[in-house]
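Undergrad: Here's a structure for you.
The values are calculated or read from the model by the stated rules, or taken from the named source; none is laboratory data. Note that this is a predicted model, so its numbers are computed, not measured. Here Cβ is always computed from backbone atoms with ideal geometry, including for glycine, and neighbour counts include all displayed protein chains.
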Amino acid sequence: MCVREKQKKIISQLRRDIFHLEGFRPESESKSLRLGLGVLEDAFPYGVFPTAALHEFLCEQDEDAAACSGFLSILLGLLMQNQKPCIWISSFPMVFPPALKIFGIRPDRIIFVRLHRDRDILWAMEEALKCNGLAAVVAELRELSFSQSRRLQLAVEHSRVTGFVLRRDVKKINTTACVARWRISPQPSLLEDGLPGVGFPQWQVDLLKVKNGQPDSWNMAWTPEGFVFDRQEKTGEFPWKNRESIQTGS
Amino acid sequence: MQKRYLSVWFKFLLPNHLAVSRPELKESPLVITVQERGRQLVKYCNAPALLQGIRLGMTVADAKALIPAIILEGYREGSEQLVLKELGEWCIRFSPIVAVDGTDGLLIDLTGCSHLWKGEIPYLRDLLDRLKAKGYQVRGAITDTIGSAWAIARFGKEKAIIPIREQYRFLLSLPPAALRLDILIVQRLHKLGMHRIENFIDLPCSVLRRRFGEALLLRIAQALGNANEFIEPISAPEPYTERLPCLEPIRTAKGIELAISQLLESLCIRLYGEGMGLRQAVLKCYRVDGQVVKVSIGTHKPSHHTGHLRKLLEMRIARIEPALGIELFVLEASGIEAVEVSQQAIWANSSEKDEVMVTELMDRIALRVGKNAIQRYLPQEHYWPERSVKAVSNLDEQASIPWSADRPRPTHLLACPEPIRVTAPVPDYPPILFIHKGQKHAIKKADGPERIEREWWLDTGEHRDYYTVEDDAGRRYWLFRLGHYQGQQDQWFLHGFFA
C-alpha cells in the first residue's frame, strides 16, 4: 500500500513537471497569468492558456485564414501587453495591418518577415522562438513534420515565448508536438436585434486537440467589450468536470 | 627648440569650398547669405563679388542691385568648422599638430618639421601651392608665436616667413585689428589716432590696462611670445581596422572562427571604449594564392557586442573558401555609428535587453535572407487602401499618426483585387449574389457603400464603392464597384476577407 502511495506521488510529481515543461502553470501561479479568454481557457489543464508553447492553427480557405488571423490577433494583443514585440513570418503576407487595430493590438508593434522557402521560415521561426525578447512568434507554413514541430517546441520550452503555426492547405493532418490544434471558421456575424448590416465578427472556434485537456468547440464573437460566447448551445458541456479530474487525479 | 607656427588664412573659405564641387561658381560672383533679424545679409562672398563692390554684412537686396546676376547660396550653421576640420585633417601630412583657428584659418605647429622640406620657404610654398591647387585662396605666415603668425597671415605686407625672434619688428606697421582684439577696443584705438601697432605697443602696461583692459595686454604678450598660448590639435581619425597575420596558412573552419573572434575582440574593445558601434563590416581573407575573399555583415543598430557580431560572421564562414590557406585576416569596420548609451548591468531594465535581443535576431535573419525581408507597417494618411500603410524596415521608426479603426477594414487584403461576377439589380445597393472562383455566394447581410475616391494627384481612374458583405455561410468579404452604377457593364472586385 505504502509503495503504491509512493508511486502515485512520483507519478503526480512527474506529471506536474511535464506540464510545466509544456507551458502549463499550476493553478496557484496561474491566477495572474489568465489572459481573459473566458471559458476557452478552461479547456486547458489548470484552466490557463499555455503561453510558453506551440499552437497549431488549421485553415483551409482564404475566409478561414482571415478568421484565423483575427482570432490570432486577439491572442497576440493579450500576449503583447508586456510591451514586447511580436514577429509574423510568412511567405506571402496577406494581413492588412490597419484591420488589426480593432482586435486590440498596435499593428506597428508586429514585425513582418517575408520569406519564400519553408526551410527559411522554419529556421527563422526557431531563431525567433529562442529569443525571449519577443512576446510571440507567428509563422505561416504549409507542412510541419513531427520532428520540425519538436524542434520548435524545444526552443519554446527554453525561452517561454509563445509560438503559433498557421497551416494553410494542409494535405494530411499529421501528428505534431504542438500543445493545441485549433480551427477557426467564420460564422454569421453577431447583430443586435433588428439592426441592419454586418455585425461583430463571430467564429466557430474548434479546439481539435489539446494535450491533457478536453477538445471542445465554441461559438464566439468579438465585440469592442471583449469576447461574447454563445452559451445556449453548449451549456453544461464546458470541461469543468475534466478540469476537476485533473486536479483530483494528480 | 624655438617654436614655430604657421597660420593659414582662407580668405574665401566657403565660396571656395562650394566652387570645388561646382566649378562653374569659380568665376561668377557668389554670396553666401544668412537670415538675421528678418533680413537676408551677405555672410561671405567670393573674389569676383568683392571686386564688383559686394561687402560683407550688406543686405542681399543691395547686393542684387549691384550685381543682378549674383548667385545666392544659403549659409548653414557651423559649416566653416566642418570644412576647416576636413582641411586640417589633410594638413596633418605637414605636421602632427594642426588646429582649427576661428572660422577662417588653420594653425600648424611646424616645430621640427620644416627640415623635411629642406627649409621653411619650400615648406610654406608646398603647403600653399597644394591648397591653391585644390581651389582655395590662401595666405600663410610662419613666425614664433601664434598671435604674430595670425597677424602676418592676414595683414602682413612684407614677408611671410619671419625669422626667429623678429616678430616685434614686423608687427609694428600692422593695424591694431591684427592683434585679434575685440572690435570695441579696435574702434577706441582708432579714435585715439593709434592706427598702427607701433603707436601703442611700447606704452607702459599700466596705462594700457587702465584704458583698454587686460585683454589688450594679453594679446600683445601673446603676439610677442611673452605669454603662453595653447592650441587644440585635430586628431586624425584612426581607421577601424584590425589585422591578424598568421604564421601558418589557415585552412579550417575552426581556424577561421578563432581568427574572427580574436579580431572582433580587439575591435569591440576599442568600439566600446569610444562609445561607438558597428553597422557594417568587411572581413577580408588574403589567401596564399594571392586571392582575397571578402565577406560582409551588417546590423540594424550599432553594436559592439562581440558575441553577436561573432555569430553574424560565423554564419558567413561557409562562404569563405580557404583553398591553400589564408595568411592574413583583415577586419574593416566600414560603417560606424555612435551607440545610444544604455545604463549598464544593475540599472538595465528588461525592455532594453529585450530590444537588443530582438535587433540581434533581426540582424541574423537579415543576413540570411536579405534586409528587405523584414518590414513593419506604419499608418499613412491615405484612404486608398493600398496606400494606407507604409512599409518601413527599421525597428525604431514611430507612427506619426494614430491608427484609425473607425472604418471597417478587412483582416486580409488581396494585393491585387480579383474580378467577380455579381447580381446587383438595384443601383447603389449591395449585390444580392456574387461568384468568385466559380463559387456562388448569396449575400445575407451587407454594409455600405463606402466611397473611396482615387487620389487624383497620385493616379487617375475611377473611384471605388466598397461594400462589406456576409454570405449565407457567414463568411465576410470586402467588395467594390469601380465607378458609378451602370447596370450590366459594372466592374466588381473582391478586395479582402474580414475575420
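Undergrad: Do any helices (runs of 4 or more DSSP H) entirely within segment B:185-275 hold 2 or more residues that are assigned by TED's automatic domain parsing to the domain that holds residue B:84 and farther than 28 Å from residue B:302 by Cβ, and if so, which?
TA: B:205-212, B:214-224
Undergrad: I've got another one for you. Give the residue, chosen from B:148, B:173, B:114, B:95, that is touching a Cys at 6+ places or on another chain (Cβ under 8 Å) and assigned by TED's automatic domain parsing to the domain that holds residue B:202.
TA: When all the criteria are applied, what remains is B:95.
Undergrad: Hey, any hits in segment B:391-405 for a residue that's surrounded by fewer than 21 Cβ atoms within 10 Å (Cβ to Cβ), modelled with pLDDT of 90 or more, touching a strand residue (DSSP E or B) at 6+ places or on another chain (Cβ under 9 Å) and among the aliphatic types (A, V, I, L, M)?
TA: Looking for residues that are surrounded by fewer than 21 Cβ atoms within 10 Å (Cβ to Cβ), modelled with pLDDT of 90 or more, touching a strand residue (DSSP E or B) at 6+ places or on another chain (Cβ under 9 Å) and among the aliphatic types (A, V, I, L, M), one finds none in segment B:391-405, hence no.
Undergrad: What's the number of the only condition in (1) within 14 Å of another protein chain (Cβ to nearest Cβ); (2) in a helix (DSSP H, G or I); (3) under 17 Å from the mean Cα position of the chain (by Cα); (4) surrounded by fewer than 23 Cβ atoms within 10 Å (Cβ to Cβ) that residue A:76 fails to meet?
TA: Result: residue A:76 passes all but (4).
Undergrad: Look at segment B:435-459 and say how many of its residues are closer than 22 Å to residue B:489 by Cβ, facing another protein chain (nearest Cβ under 9 Å) and not aliphatic (A, V, I, L, M).
TA: Within segment B:435-459, residues that are closer than 22 Å to residue B:489 by Cβ, facing another protein chain (nearest Cβ under 9 Å) and not aliphatic (A, V, I, L, M) number 1.
Undergrad: I'd like the full set of residues that are at pLDDT below 85, among the acidic types (Asp, Glu) and either within 17 Å of residue A:228 (Cα to Cα) or under 13 Å from the mean Cα position of the chain (by Cα) (or both), limited to segment A:23-73.
TA: A:41, A:42, listed by residue number.
Undergrad: In segment B:358-378, what count of residues is obtained for those that are in contact with a Gly (Cβ under 8 Å, 6 or more places away or on another chain) and within 7 Å of chain A (Cβ to nearest Cβ)?
TA: Going through segment B:358-378, the residues in contact with a Gly (Cβ under 8 Å, 6 or more places away or on another chain) turn out to be B:358, B:361, B:363, B:366-367, B:371.
Checking which are within 7 Å of chain A (Cβ to nearest Cβ) leaves us with B:358, B:361.
Residues that pass the stated criteria total 2.
Undergrad: Is it the case that segment B:395-412 has a residue that's facing chain A (nearest Cβ under 8 Å) and part of a strand (DSSP E or B)?
TA: yes
Undergrad: Something else now. Every residue in segment B:151-160 that is within 11 Å of residue B:171 (Cα to Cα) and at pLDDT 90 or above, please.
TA: Once the filter is applied, which keeps residues that are within 11 Å of residue B:171 (Cα to Cα) and at pLDDT 90 or above, segment B:151-160 yields B:151, B:152, B:155.
Undergrad: Considering (1) within 13 Å of chain A (Cβ to nearest Cβ); (2) out of contact with any Leu (no Cβ under 7 Å at 6 or more places or on another chain), say which one residue B:432 fails and leave the rest.
TA: Against the list (1) within 13 Å of chain A (Cβ to nearest Cβ); (2) out of contact with any Leu (no Cβ under 7 Å at 6 or more places or on another chain), residue B:432 comes up short only on (1).
Undergrad: Could you tell me which numbered condition residue B:354 fails, if it satisfies all but one of (1) within 30 Å of residue B:252 (Cα to Cα); (2) modelled with pLDDT under 85?
TA: Just one mismatch for residue B:354, condition (1).
Undergrad: Please specify each residue of segment A:152-180 satisfying the condition of being surrounded by fewer than 17 Cβ atoms within 10 Å (Cβ to Cβ), out of contact with any Ser or Thr (no Cβ under 9 Å at 6 or more places or on another chain) and of a type in the set (Lys, Arg).
TA: A:171, A:172 - these are the residues of segment A:152-180 that are surrounded by fewer than 17 Cβ atoms within 10 Å (Cβ to Cβ), out of contact with any Ser or Thr (no Cβ under 9 Å at 6 or more places or on another chain) and of a type in the set (Lys, Arg).
Undergrad: When only residues in segment A:111-140 that are β-branched (Val, Ile, Thr) and within 7 Å of chain B (Cβ to nearest Cβ) count, which is nearest to residue B:369 (Cα to Cα)?
TA: So the residue we want is A:113.
Undergrad: While we're here: Of all the residues that make up segment B:19-49, how many are surrounded by 22 or more Cβ atoms within 10 Å (Cβ to Cβ) and assigned to a helix (DSSP H, G or I)?
TA: Of the residues in segment B:19-49, 1 are surrounded by 22 or more Cβ atoms within 10 Å (Cβ to Cβ) and assigned to a helix (DSSP H, G or I).
Undergrad: Could you tell me which residue of segment A:109-154 is nearest to residue A:75 (Cα to Cα), considering only residues that are assigned to a loop (DSSP other than H, G, I, E, B) and more than 20 Å from the chain's Cα centre (by Cα)?
TA: A:115
Undergrad: Can you tell me which residue in segment B:471-490 is farthest from residue B:441 (Cα to Cα), limited to those that are buried (at least 16 other Cβ atoms within 10 Å of the Cβ) and aromatic (Phe, Trp, Tyr)?
TA: Let us first name the residues in segment B:471-490 that are buried (at least 16 other Cβ atoms within 10 Å of the Cβ), namely B:471, B:474-482, B:490.
If we keep only those that are aromatic (Phe, Trp, Tyr) too, we end up with B:477-478, B:480.
Details: B:477: 10, B:478: 13, B:480: 15 Å.
It comes out as B:480.
Undergrad: Just need a number here: residues in segment B:468-490 that are facing chain A (nearest Cβ under 9 Å) and assigned to a loop (DSSP other than H, G, I, E, B).
TA: Total satisfying the criteria: 4.
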